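See structure below.
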Amino acid sequence: QVQLVESGGGSVQAGGSLRLSCAASGNTYSMYCMGWFRQAPGKEREGVAVIDSDGRTSYADSVKGRFTISKDNAKNTLYLQMNSLTPEDTGMYYCASGLDCLDMDYWGQGTQVTVSS
């Protein structure tokens, strides 16, 4: 019903920036909420940032002031601008969408972000 494909990951030094993109296709009417999640080795997946259909956003405390989530509805694309990156930001970043921000229905395959000190 919905396909999500992330891109923009890579390897950067601490203090650097990356911009992640998530291209959505299929029945995008089901995407009331979209967001970014990440998972570091040995840890559970955690929410990074979400944005609803009204443009309201929510961020994890660890990324507030550094990351910005946005979307372009015309292009069915979600973005995550990441600044002042630290090694703790390293992990696989996943794009997700659904009718409920607390229970996402669709997930992308992930894009790797690696931050070196």
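Does region 72-117 hold any residues that are in a helix (DSSP H, G or I) and of a type in the set (A, V, I, L, M, F, W, C), and which are they? Don't jump to the end; show me each part of the working.
The initial filter retains those residues of region 72-117 that are in a helix (DSSP H, G or I), namely 73-75, 87-89.
If the condition is that a residue be in a helix (DSSP H, G or I) and of a type in the set (A, V, I, L, M, F, W, C), then A74 is the only one that fits.
Filter region 14-33 for residues that are closer than 15 Å to R66 by Cβ and outside any loop (DSSP other than H, G, I, E, B); which is most open to solvent (accessible area, probe 1.4 Å)? So that I can check it myself, show each step before the final result.
In the first step, residues of region 14-33 are kept if they are closer than 15 Å to R66 by Cβ; the result is 14-20.
Now restrict to residues that are outside any loop (DSSP other than H, G, I, E, B): 18-20.
Values: L18: 26, R19: 116, L20: 0 Å².
Checking each candidate, the answer is R19.
In the set S62, S11, which member is open to solvent by 40 Å² or more (accessible area, probe 1.4 Å) and in a strand (DSSP E or B)? Before the answer, list the steps.
Details: S62 fails: in a strand (DSSP E or B).
Being open to solvent by 40 Å² or more (accessible area, probe 1.4 Å) and in a strand (DSSP E or B) holds for just one of S62, S11, which is S11.
Return the residues of region 49-58 that are assigned to a strand (DSSP E or B), out of contact with any Cys (no Cβ under 8 Å at 6 or more places or on another chain) and surrounded by fewer than 18 Cβ atoms within 10 Å (Cβ to Cβ); say none if nothing qualifies.
The answer is T57, and nothing else.
Table: residues versus (1) open to solvent by 20 Å² or more (accessible area, probe 1.4 Å); (2) of a type outside the set (D, E); (3) within 16 Å of E44 (Cα to Cα).
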site	(1), (2), (3)
L78	no, yes, no
Y93	no, yes, yes
G98	no, yes, no
C101	yes, yes, no
Y106	yes, yes, no
G110	no, yes, yes
S117	yes, yes, no
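The values are calculated or read from the model by the stated rules, or taken from the named source; none is laboratory data. Here the structure is a predicted model, which is why all the values come from computation and not from measurement. Cβ sites come from the backbone with ideal geometry, for glycine too, and all protein chains shown count toward neighbours. For accessibility, only protein heavy atoms count, side chains too; no ligands or nucleic acids. Shrake-Rupley method; radii C 1.70, N 1.55, O 1.52, S 1.80 Å.
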